[in-house]
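Values quoted throughout were computed directly from the atomic coordinates according to the rules given, and no laboratory measurement underlies them. What you are looking at is a predicted structure, and each value in this text was computed from that prediction instead of being measured. Because the Cβ atoms are built from the backbone with ideal geometry, glycine has one as well, and the counts that use them run over all protein chains shown.
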Amino acid sequence: MGQSSSDAWPTRVKHVIVDVLDLGIGPDELADDLSLYSSTLKMDSMTLLHLLVTFEGEFGFEIDDEDVMNANLDTVGSLVGLVVDVARQRRGAMAAGGPANDGLGG
């Protein structure tokens with residue numbers, strides 16, 4: 001039957017990370033506990049900004065600066081969690097206006 005929609009979002013987010021950072025690995029090889037500032041990812045503030053803008057374009061929603069500032073972004077898992085949480089919040093807001101198929105499941 002394939003991945004459940006709750007499993008699909010973290011994989012989608014990791015896929016963007018792998019592509020943007022040109023890591024040359026599969027999204028499933030990107031450990032949740034890997035530090036964003038590790039020698040593997042080489043993250044800095046500009047790279048993080050690039051990722052956030054890419055997430056917004058890829059997934060079709062805005063990630064508020066306040067959400068980023070309130071998140072403790074130190075690992076891949078924390079970044080994935082931020083994007084998934086924002087996606088779920090946006091889905092809830094969109095549901096009030098009508099049905100939307102965003103792959104988050106119910």
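Key figures
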item	result
Residues of segment 23-39 with amide N under 12 Å of a point placed 7 Å along Cα→Cβ from Asn72	none
Relative contact order of segment 1-92, pairs being alpha-carbon contacts under 8 Å that are 6 or more residues apart, as %	32 percent
Amide hydrogen neighbours beyond the local backbone of Thr75, cut-off 5 Å, H modeled	Leu36
In sequence order, calculated HN-Hα J values of segment 62-75 (Karplus, 6.51, -1.76, 1.60; Hz; x Gly/Pro)	8, 9, 5, 4, 4, 4, 5, 5, 7, 7, 8, 7, 10, 10
